[in-house]
Amino acid sequence: MPHVRLAAIVLMLAVGPAWAAEDAYQIDLGPTARIEATRLSTLGRGTAEIKLDGNKLTINGKFRDMVSPATDAHLCIGYGIGTPGTCDGGDLTVTKDTGGTLSGTITLNTKELTALPAGQLYVQINSVGAPAPAGNLWGWILIAHEIPDQDVPQPGQGFLPQYDMPKSIEHGSTHPLLGNRNS
Amino acid sequence: MPLSLKKSTISAAALATTATFALWATTTAAQNRAASPFNAAQVEAGRAVYVANCQSCHTDNLSGSGEAVPLAGRAFLAGFGGKTTKELFDTVKSEMPLGAPRSLSDETYTDIVAFMLHASGAATGTTALTPTTAVKINTIATGTVPPDVANGIKLAQAPEGIVGPAAGAARPGPGGNRRVIYGPDGKPLPGLLDGALGTFRPNNNLGVIKQGNIKNYTPVTDAMLASPSPDDWLMYRGNYAGWSYSKLDQINAGNVGQLQLKWSLAMTEGGANETTPIIHDGVLFLVSAGNTVQAINAASGEVLWQNNIGPLPRSPDPAGDEATRSIGVYNDKVIVPTMQGKLYGLDARTGKVVWQNWYSDPSKPDEGQHGNTGGVSIAHGIAIVGMVNCGRIPQQNHCYISAYDANTGARLWKFVTVALKDGPQGDTWGGLPDDQRAGAETWVAGTFDPELNLTYWGTAQAKPWRRDLRGSGDGATAYANSTLALDVNTGKLKWFFSHAPGENFDLDDVFERILIDHGSQKTVMATGKNGIMWKLDRVTGKYLDSRQTVFQNIFTKIDPKTGTPTYRKDILNEKLDQYLPSCPGPEGGKNWQPASYHQPDDEMIIPLSQTCVLMLGSGTEKYYDMPGADGNMGRLAAYETSSMKPLWSLQQRSPFLTGVVSTAGNVAFVGDFDRVFHAFDTKTGKQLWKTRLGTTVQGHIASFMVDGKQYIAVMTGLGGGSPEQKPTFMLSEEVSRPAHGTAIYVFGLPDKTQ
């Protein structure tokens, strides 16, 4: 029996948790946390698509409108959506300009594989004018969602991520914050 | 013009202040701290500069208030103790004055830093601080605030030559008289500021400056208030239940695209504009900065009478003075709460003052000097007002809700919104003495159930909002961040429900309470800054349901039976020197802009905002985009209230800064930061019409009818704190919005279609 259990663990580590691979993800990049002194040096936006193949996380995206050239980009891990942490999850390739592409494939460890569907992983791009640790752009890896145009209504709540479960309410989450609405 | 100070002209009175702390300084010096790199002249110069530029937000003892961070004591050292004096200098210079950083001379910034160091217990030395002096702050400052600061800074005479930053650089900030302009005689120059805005000349006469007599005015009765004519807009948010809904349908989803401007009127500049037009019998009553009250022909825009109650606005800065969000009408009176602690009853026909009374009398120790931005609600002839600016520590006089005879102004009762140590719920503040229990302001006037004879109010969070700084432990800090149900006749508390026990992030649950019946079930609904929409039984206060309306990462769950939220673990284990993320941030997922209850479809339409912050123990905030919002700060979302089911939602870059008003014509009106006034279809959220106005569309909307024609009134203006201040920070390079332009606009259909 121990061998069976070990084999199951090895298999899981090789392909990643099934529930992590089932969902499609994306990143919406925006300015990192700013104060008045850094407000004008941390502009820019971007998007990226995420592909998870086993424990291989591939990121392909674009960014634009930064005020100084990008220098480096990294996979980071916090403890929930919108909670920044440390950026030692692996390096990404980034165009050394104020706009360009972001790409890379990172092999996730067990902790990161668990962190992905829990909304704990994010990407940070640093720039000449907004270097690490604060950085220039960041974006959490969220469940794939539509980005509607300005003032175009969406049915229901549209996309509304939840702190520890990056599936929107419209995607069927049963998060306890829903209270007894369904009871 | 840069702020400057001639040290040689520092008054004798100011120097005398030095002597008052000399003994203390000597004592402190004996505490084996390192020699301080600043001198007494810098402290005094910095003190004067502080009074002129910083005090109104950061308070006269540097303890901070609202979003103005503490600049002295333990809280200050928590954030800056490990930094050097040079880093402090760089921070102050790069961030202050608000809206005009780097606008002062290096000499002035070093003076301010010297004064801040003194205020945190650093002993005065003999050498002069320079911009490059780099001494670790916690090696010279003790965190003990000296008496000359702790007891409130006092300047016997304003120093000469102090002027504010360039007027053209002025930008809205938190409320209060942030900037005082001094003349050569050392006296303030209210209402005069040279610069890019031109010479500021407010209405310079007080009293009834436009005489009038509305002879056909019909007194407003209890019956009218209980069941308002659709032609009128008799109160803040339209009816007792706070629906912000109009039964008029002449303007509807099919023809709203034809709306056109009927008239507009510039309002008094020099203060925040968040007000509500009140309409009765074709007369529109309006309050603006300087407590300017006007009666206006609602169809033509002609001013019928005007009373400048005063005091005059002190500068053109829209953050210069806060103002109330609503006046009220009862019988033949217009009821006006002011920021200066007074409640007025004006003759509705002439505008003359009939009665006046203090709701917060500065001469009474148990009342103090508080203000009102929340407006007034009137129930059965009783005018009920709340109170703001109760965050200062120590707090000798706590916030309260108080009631007055609307005919005479006589006070009837008051209810203190902070549970005192020896009273009910007194054990919810972790044993803090009464003078350390602050906050629980009431920013928005309550609603009223005439059958239950209860008035419903929300309260703000306890202060300081960080629980570690507050010292209240895990206590719920009653009656902060709660819904209160008070008996209208006695002010006695019927029940309360704490939405965020022991709140930590400046996330008030203080806004409008909306009363909705579902069959026999009577509910009260509210949405707070955390973006949680709550439903309570308004008879008992029992929790019924809740719904997340924007992304939030404060609570990990809400108990489905009790409604008690569970905080994120790191919030409970916070450290003073640690940045904590908060989504939403203090701008709030929801703020004072009220939702509309579109009764025909049981639909709540809520104006929401989407930003996050990293917040340091000292209160320093770093702003960032809300994950999942794609940079959109504005969100409008509709919910069916019986099921809490989301119906539709939309997003845009700029946040919405008016309340929503919906009509029986199935149109929802709302205005935004970027000067756009919108009309949306209540059933689908589809945009039906929009137009651009003079500056930010901000305040409350009203729908009314005169001579068979329906009109929609809306305000423009600035000022008013977080909802306007945060987008100013985030969007100032994208959005062009003049720093003036306070006005009312009234729209209607072309005559031929009516």
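Things to note:
- Note: relative contact order over segment B:207-753, using C-alpha pairs below 8 Å and six or more positions apart, is 14 percent.
- For chain B, the Cys residues with no second cysteine's beta carbon closer than 4.7 Å are B:54, B:57.
- Applying the criteria of a DSSP loop state and at most 11 other Cβ atoms within 10 Å to the GluC sites (Glu not before Pro) of segment B:664-754 yields B:733, B:734.
- Reachable lysines, given that their alpha-carbon falls under 26 Å from the alpha-carbon of residue B:352 and they are not under 8 places away in the same chain: B:210, B:215, B:333, B:342
- Nearest-20 debye value, segment B:251-367 charge dipole, Cβ charges on Lys, Arg, Asp, Glu: 240 debye
- Gyration tensor verdict on segment B:624-728 (Cα atoms; rounded if a/c is under 1.5, prolate if a/b is larger than b/c, oblate otherwise): oblate
- In order along segment B:229-240, phi translates into HN-Hα couplings of 4, x, 6, 9, 9, 7, 8, 2, 6, x, 8, 3 Hz, rounded to whole numbers, per the Karplus curve 6.51 cos²θ - 1.76 cosθ + 1.60 with θ = phi - 60° and x for Gly and Pro.
- Euclidean distance of C-alpha centroids, segment B:53-124 and segment B:241-302, integer Å: 42 Å
- DSSP-defined beta bridges in chain B - what % are antiparallel, rounded to 5: 95 percent
- Derived scalar couplings ³J(HN,Hα) [segment B:451-456; Karplus, 6.51 cos²θ - 1.76 cosθ + 1.60; whole Hz; x for Gly, Pro]: 6, 7, 6, 10, 10, 10
- For chain B, adding -39500 (n - 2.57) for each run of n ≥ 4 DSSP H residues and dividing by the number of residues yields -3500 deg cm²/dmol at 222 nm.
- From phi via Karplus (6.51, -1.76, 1.60), per-residue ³J(HN,Hα) for segment B:742-749 in Hz, x at Gly/Pro: 4, 7, 10, 10, 10, 10, x, 7
- Chain lengthening between residue B:453 and residue B:561 when straightened (0.36 nm per residue, less Cα-Cα): 36.2 nm
- Straight-distance crosslink candidates among lysines, where the alpha carbon sits under 19 Å from residue B:262 and sequence neighbours closer than 8 are dropped: B:690, B:709, B:752
- Gyration tensor verdict on segment B:520-656 (Cα atoms; rounded if a/c is under 1.5, prolate if a/b is larger than b/c, oblate otherwise): oblate
- Eligible lysines near residue B:522 by straight Cα distance, threshold 27 Å, same-chain separation 8 or greater: B:247, B:414, B:492, B:494, B:535, B:542, B:557, B:561, B:590, B:645, B:683
- A DSSP coil position with no more than 10 other Cβ atoms inside 10 Å describes none of the trypsin sites (Lys or Arg not before Pro) in segment B:567-635.
- Separation of alpha-carbon centers, segment B:648-709 and segment A:76-141, rounded to whole Å: 39 Å
- Rounded, prolate or oblate (a/c below 1.5 giving rounded, otherwise prolate when a/b exceeds b/c) for chain B by Cα gyration tensor: prolate
Rule-based calculations on the coordinates, nothing more; no lab input. As the structure is a computational prediction, the values presented were derived from the model and not from experiment. Quick reminder, even Gly has a Cβ in these numbers, built from the backbone with ideal geometry, and neighbours come from all protein chains shown.
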